[in-house]
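One structure is given here, and the rest of the page talks about it.
The values are calculated or read from the model by the stated rules, or taken from the named source; none is laboratory data. Here the structure is a predicted model, which means the values were calculated and not measured. Heads up, the Cβs are rebuilt from the backbone with ideal geometry, glycines too, and the neighbour counts pull from every protein chain shown.
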Amino acid sequence: MSDTTVPRFAWVMLAAALLVLVAGAALVPFLAVSVMAFAAGAETTIAPNQLPSAAPAQVPRPAPVASSTSQVDVRQGLWLWQRTEYSDDTTVTAPDPSKYTVSFQADGRLALQVDCNRGTGTYTLDGPQLTITPGATTLIACGPGSQDQVFLQNLRDVATYVFDGESLVLNLKVDSGNMIFSPQPPVSLSGSTWRVQSYNNGRGGVVSVLPDVQVTATFGTEGSVNGNAGCNGYRGPYTVAGSRITFGSIVSTKRACLSQPLTDQETAFLAALGASTSYELVGDRLTLRDDARATQVVLVRPSVQPVPSAP
């Protein structure tokens with residue numbers, strides 16, 4: 001070794017001193033490797049992944065975008081009871097969902113179909129809290145297999161409601177079960193000529209159409225209704241929104257009827273049609289009602305045979 005050669009241990013001591021003096025903690029592993037390699041007489045090679053690197057930049061995440069979903073409302077139309085699932089794992093299924101229905105009116109009133117009977121009631125909403133108070137119903141005996149009393153009692157026990165997809169779920173008190181309802185499928189009043197079966201006579205009664213007299217209504221897809229009022233033809237505009245129906249000004253021809261009963265019937269029918277503000281379509285039966293839920297006109301499809309007149 002020449003006089004200008006620095007002893008190997010001197011390099012080791014110099015590198016150790018640098019470890020103390022270097023302020024960056026990230027360089028410590030780098031220098032330690034260099035010292036050990038140099039002391040062993042090996043060439044020092046630093047792999048790229050051993051070099052200190054800056055911390056990755058923090059890129060802010062975009063705020064989540066709220067999804068656009070349609071809001072379902074209990075007051076959107078007619079609900080058909082499918083079944084009640086109880087907490088003891090038993091289930092009561094509606095024999096015919098179209099005969100067990102509830103309609104929540106905007107004014108807090110209920111319209112009920114309880115098997116073969118019709119009824120009314122009231123309800124209150126407070127967020128998810130729902131209280132239902134069934135009222136009076138007609139008193140027809142519905143026969144064996146009816147679930148009318150189960151249906152009414154379940155409604156009295158409702159405490160809250162939620163939606164499961166398109167289904168309405170009414171939760172019973174103390175978590176005793178759930179009533180499952182499905183929405184009435186979209187219906188169309190157009191496509192056939194309806195035969196008027198009965199109408200409100202304007203004196204608080206719903207009466208049948210006179211024997212051997214055809215009173216009809218045809219709802220066009222373009223928003224017009226026309227038909228035969230018994231003696232004269234009539235027509236006018238109408239609009240439908242959910243279960244609501246509104247008739248505009250109805251005009252008719254001016255032919256004289258052959259009898260006073262025919263005249264009275266025609267006058268009362270056209271007045272009842274104009275007073276109708278909501279409709280219910282169950283099977284082949286269309287019922288028009290006013291704001292007080294009073295029946296105004298009952299119509300059936302042509303496939304329903306008229307009741308024969310008495311001989």
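Table for the structure above
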{"item": "First in the stretch 171-195 and closer than 24 Å to Val150 by Cβ, second anywhere and small (Gly, Ala, Ser) and surrounded by 14 or more Cβ atoms within 10 Å (Cβ to Cβ), Cβ under 7 Å, 6 or more apart", "result": "Asn171/Ala159; Leu172/Ala159; Lys173/Ala159; Ile180/Ser167; Phe181/Ser167; Ser182/Ser167; Pro183/Gly77; Gln184/Gly77"}
{"item": "Leading residue by the ranking (modelled with the lowest pLDDT) among those in the stretch 131-188 that are closer than 30 Å to Thr221 by Cβ and assigned to a loop (DSSP other than H, G, I, E, B)", "result": "Pro186"}
{"item": "Scope the stretch 207-233; condition in contact (Cβ under 8 Å) with a residue 12 or more places away in the chain, under 16 Å from Gly274 (Cβ atoms) and under 36 Å from the mean Cα position of the chain (by Cα); matching residues", "result": "Val215, Ala217, Phe219, Gly223, Ser224, Val225, Gly227"}
{"item": "Subset of the stretch 192-214 [modelled with pLDDT under 95, in contact with a Ser or Thr (Cβ under 9 Å, 6 or more places away or on another chain) and charged (D, E, K, R)]", "result": "Asp212"}
{"item": "Criterion (under 28 Å from Leu110 (Cβ atoms) and modelled with pLDDT under 95) met by exactly one of Ala241, Ala217", "result": "Ala241"}
{"item": "Evaluation of Pro97 against (1) farther than 15 Å from Ile180 by Cβ; (2) out of contact with any Asp or Glu (no Cβ under 6 Å at 6 or more places or on another chain); (3) at pLDDT below 95 (one fails), failing number", "result": "(1)"}
{"item": "Residue selected from the stretch 104-120 under the condition farther than 23 Å from Gly145 by Cα and not in a loop (DSSP other than H, G, I, E, B), by the criterion nearest to the chain's Cα centre (by Cα)", "result": "Phe104"}
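Rundown of residues vs (1) closer than 22 Å to Asp291 by Cβ; (2) of a type in the set (A, V, I, L, M, F, W, C); (3) assigned by TED's automatic domain parsing to the domain that holds Thr160, yes/no style:
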{"site": "Val92", "(1), (2), (3)": "no, yes, yes"}
{"site": "Asp107", "(1), (2), (3)": "yes, no, yes"}
{"site": "Leu110", "(1), (2), (3)": "yes, yes, yes"}
{"site": "Gln113", "(1), (2), (3)": "yes, no, yes"}
{"site": "Cys142", "(1), (2), (3)": "no, yes, yes"}
